[in-house]
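Engineer: Quick one: this structure, given as structure tokens, is what I'll be asking you about.
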Amino acid sequence: MKFTYLEQPPNKWTFEPPKVKRWVESRCKGKVLNLFAGKTRLMVKEFRVDVSKEFNPDFCGDAFEFVKTTDLKFDTIILDPPYNLRKSREKYQGRYIGSFTKIKKELVRILNPGGRVITFGYNSNGMGRGFEKTEICLINCKGDHQDIIVTVEDKTSDLRQNTIKKKVDG
């Protein structure tokens, strides 16, 4: 597993600092879903989802509703939700994402085989079963700010298909 360490002063918009932006862009492949897009556009084939029209997303609305109802497929999914209530207030006037677990379960359906998920947060949990962590990046925000932990994971199996197959076979 590869480890990357970046020092970057804190920024309200994760992808605005050039080091972080370049690092993320270099790990994206194919069609990219930026699920909590914010204002910074990445230089990749990006489909942007955000609750704020101000950021000009391709889909403006709730992230869970999008992943639950879309028929689109992606090769890379970037997850950069508000990490806590303070961030939610800062970026989205207090609107919170709800159950992140529900969103992650739906992502398996819209991620192509061999696809990749890049998750930002204060922990390294990532996607879990059916995925292999290939890289971790620690972004040191300096001062009294928490570090940001980024996991890069590649899809190794389709959990939905495996569950259906077990029910049919078992």
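Engineer: So in segment 112-159, with the set limited to residues that are assigned to a strand (DSSP E or B) and hydroxyl-bearing (Ser, Thr, Tyr), which one is farthest from VAL24 (Cα to Cα)? Walk me through it before giving the result.
Structural biologist: So in segment 112-159, the residues assigned to a strand (DSSP E or B) come out as 112-121, 131-140, 148-155.
Checking which are hydroxyl-bearing (Ser, Thr, Tyr) leaves us with 119, 134, 151.
Values: THR119: 10, THR134: 14, THR151: 11 Å.
Here the residue is THR134.
For every residue, the table says whether it meets (1) buried (at least 17 other Cβ atoms within 10 Å of the Cβ); (2) of a type outside the set (A, V, I, L, M).
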position: ARG109; (1), (2): no, yes
position: VAL117; (1), (2): yes, no
position: ASN123; (1), (2): no, yes
position: MET127; (1), (2): yes, no
position: THR134; (1), (2): no, yes
position: THR151; (1), (2): yes, yes
position: LYS155; (1), (2): yes, yes
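Engineer: Taking segment 13-50, which residues are of a type in the set (A, V, I, L, M) and out of contact with any Leu (no Cβ under 8 Å at 6 or more places or on another chain)? Give the derivation first.
Structural biologist: Initial filter on segment 13-50 (of a type in the set (A, V, I, L, M)): 20, 24, 32-33, 35, 37, 42-44, 49.
Answer for segment 13-50, where residues must be of a type in the set (A, V, I, L, M) and out of contact with any Leu (no Cβ under 8 Å at 6 or more places or on another chain): ALA37, LEU42, MET43, VAL44.
Engineer: Same structure, new question: Considering only residues that are part of a helix (DSSP H, G or I), modelled with pLDDT of 85 or more and aliphatic (A, V, I, L, M), which ones fall in segment 65-111?
Structural biologist: Selection gives VAL67, ILE103, LEU107, VAL108, ILE110.
Condition check ((1) assigned to a strand (DSSP E or B); (2) crowded, with 18+ Cβ neighbours inside 10 Å) across all residues:
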position: LEU6; (1), (2): yes, no
position: TRP13; (1), (2): no, no
position: VAL20; (1), (2): no, yes
position: GLU25; (1), (2): no, no
position: ALA37; (1), (2): no, yes
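Engineer: Against the definition (at positive phi and in contact (Cβ under 8 Å) with a residue 24 or more places away in the chain), how does GLY61 come out, yes or no? Can you show your working first?
Structural biologist: On the way: at positive phi: yes; in contact (Cβ under 8 Å) with a residue 24 or more places away in the chain: no.
No; evaluated as a whole, the condition is false for this residue.
Engineer: Does segment 12-29 contain at least one residue that is among the aliphatic types (A, V, I, L, M) and at pLDDT 90 or above?
Structural biologist: Going residue by residue through segment 12-29, those that are among the aliphatic types (A, V, I, L, M) are 20, 24.
Now narrow it down to the ones that are at pLDDT 90 or above: 20, 24.
Scanning segment 12-29 turns up at least one residue that is among the aliphatic types (A, V, I, L, M) and at pLDDT 90 or above.
Engineer: Here's another thing I want to ask about it. Mind checking which pairs have a first residue in segment 6-23 that is farther than 12 Å from LEU42 by Cβ and a second that is of a type in the set (Asp, Glu) and part of a helix (DSSP H, G or I), Cβ under 7 Å, 6 or more apart or different chains?
Structural biologist: So the pair list comes out as LYS12/GLU90.
The values are calculated or read from the model by the stated rules, or taken from the named source; none is laboratory data. Note that this is a predicted model, so its numbers are computed, not measured. Reconstructed Cβ throughout: ideal geometry from the backbone, glycine too, with neighbour counts over all protein chains shown.
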